[in-house]
Amino acid sequence: MGNKLVTFTEQQLENYQDCTFFTRKEILRVYKRFREVDPDIVPKQMTGNQPMTENPFKKRICEVFSRDGTGYLTFEDFLDLLSVFSEQAPRDIKVFYAFCIYDFDGDQHVGPEDLHQALRLLTRQELTSEEMQQIVEKVIEEGDVDGDGKLSYMEFEHVITRAPDFLSTFHIRI
């Protein structure tokens, strides 16, 4: 009867609930998913930080959410990632992380090279360089209010808020 495996302490679950947009049940479901990534690496009981890697476009998301920027996620990083991508997360948090994901070079702007890199990932390199250049130029033309050839966070936010499907596509169901 008393052989039930305890994955988290009560305090850990309370802390996770305080720091995310998840319920206790959802946190346990997220952990189950995290364990399914590689059950040989992820322990049944949480005693430390275990890495997780992802593939092409998800790699950038993992880099943004990993504390050290390497793309290896601890359970807490994974929980943060899914919390931001949850339907309960507010739009401003989603916009902030979308900006971080698109800012590949980390210069606090989304410039032409960042947009080229995003397009390569999103289109699996199916566009010609001319088509990519046209898209990059159009995005900069539409969003660059101050004329510096790149999008600041505020300019990016303005572009994203005009995209009607942003909130419906920037989420993951658990």
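Tabulated data
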{"item": "HN-Hα J in Hz across region 101-106 - Karplus 6.51, -1.76, 1.60, θ = phi - 60°, x for Gly and Pro", "result": "5, 7, 7, 4, 8, x"}
{"item": "Karplus-derived 3J(HN,Hα), 6.51/-1.76/1.60, for each residue of region 12-28, Hz, glycine and proline x", "result": "4, 4, 4, 4, 4, 5, 5, 9, 10, 9, 10, 7, 4, 5, 5, 4, 5"}
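None of the figures in this text is laboratory data; all of them are computed from the coordinates on show. Keep in mind it's a predicted model, so treat the numbers as computed, not measured.
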